[in-house]
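Undergrad: Got a structure here, written out as structure tokens. Questions coming.
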Amino acid sequence: MKNLNSSRAHQTLRGIGMSLVAVILISGCASVPPPIEQMAVSRAALNNANSAGANEFAPVQLKSAMDKMQGAEQAMTAEHYQLASQLAEEAEVDAKLAGLIARSIKAQKAAAAIQEDSRVLRNEIDRKTK
């Protein structure tokens, strides 16, 4: 009899525990708001990367950002807001990296062009002074 009551109490506590876990999980999922602001920030970062020339100078990083953004949009549609937020943040970082790479390469090319122009001018000056 003692084992039977102990077993019932254990089953009841176990059932209550499982119910609490289910309620916590459900409320935890419901409490994540849609990452609307993060989605907008990520889209802006993608636009900036495109404007910087990432298509030409950082295509791998830009594609990664675009793929993650697409995943974030799909997660938003499915109301998986935690995943959407995470993918949007990753897309933002990848897009910023793509933009920085593109700007860096453009700056390096501009610096090389200036150095070449300077070299040509020095040569011209040297030729005229001789």
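The values are calculated or read from the model by the stated rules, or taken from the named source; none is laboratory data. Please read all numbers here as calculations on a predicted model, not as lab measurements. Cβ placement follows ideal geometry from the backbone for every residue including glycine, while neighbour counts extend to all protein chains displayed. The area values use the complete protein model at the heavy-atom level, side chains included, leaving out ligands, DNA and RNA. Shrake-Rupley method; radii C 1.70, N 1.55, O 1.52, S 1.80 Å.
Undergrad: Filter the range 45-71 for residues that are open to solvent by less than 50 Å² (accessible area, probe 1.4 Å) and of a type in the set (Gly, Ala, Ser) and give the result.
TA: Those that are open to solvent by less than 50 Å² (accessible area, probe 1.4 Å) and of a type in the set (Gly, Ala, Ser): 45, 49, 52, 53, 54, 58, 64, 65, 71.
Undergrad: Would you check if residue 89 is modelled with pLDDT of 95 or more and either within 30 Å of residue 109 (Cα to Cα) or part of a helix (DSSP H, G or I) (or both)?
TA: Yes.
Undergrad: Let me ask another. So the check is Cβ under 6 Å with 6+ separation or different chains; which pairs have a first residue in the range 46-74 that's over 14 Å from residue 86 (Cβ atoms) and a second one that's open to solvent by 90 Å² or more (accessible area, probe 1.4 Å) and modelled with pLDDT of 95 or more?
TA: Note: pairs meeting the criteria are 52/103.
Undergrad: Can you confirm whether residue 94 is open to solvent by 50 Å² or more (accessible area, probe 1.4 Å), assigned to a helix (DSSP H, G or I) and either touching a helix residue (DSSP H, G or I) at 6+ places or on another chain (Cβ under 6 Å) or within 23 Å of residue 39 (Cβ to Cβ) (or both)?
TA: Considered against the rule, which asks whether it is open to solvent by 50 Å² or more (accessible area, probe 1.4 Å), assigned to a helix (DSSP H, G or I) and either touching a helix residue (DSSP H, G or I) at 6+ places or on another chain (Cβ under 6 Å) or within 23 Å of residue 39 (Cβ to Cβ) (or both), residue 94 comes out as no.
Undergrad: Among the candidates 105, 125, single out the residue that is assigned to a helix (DSSP H, G or I) and at pLDDT below 95.
TA: Just a single option satisfies the conditions, and that option is 125.
Undergrad: Next question. Say whether the condition of being closer than 21 Å to residue 49 by Cβ and free of Cβ contacts under 8 Å to residues at least 60 places away in the same chain is met by at least one residue in the range 114-130.
TA: Taking every residue of the range 114-130 in turn, none turns out to be closer than 21 Å to residue 49 by Cβ and free of Cβ contacts under 8 Å to residues at least 60 places away in the same chain.
Undergrad: Ok, one more. Here are some residues: 44, 72, 78. Which one is of a type outside the set (Phe, Trp, Tyr), farther than 30 Å from residue 104 by Cβ and modelled with pLDDT of 95 or more?
TA: Answer to the selection: 78.
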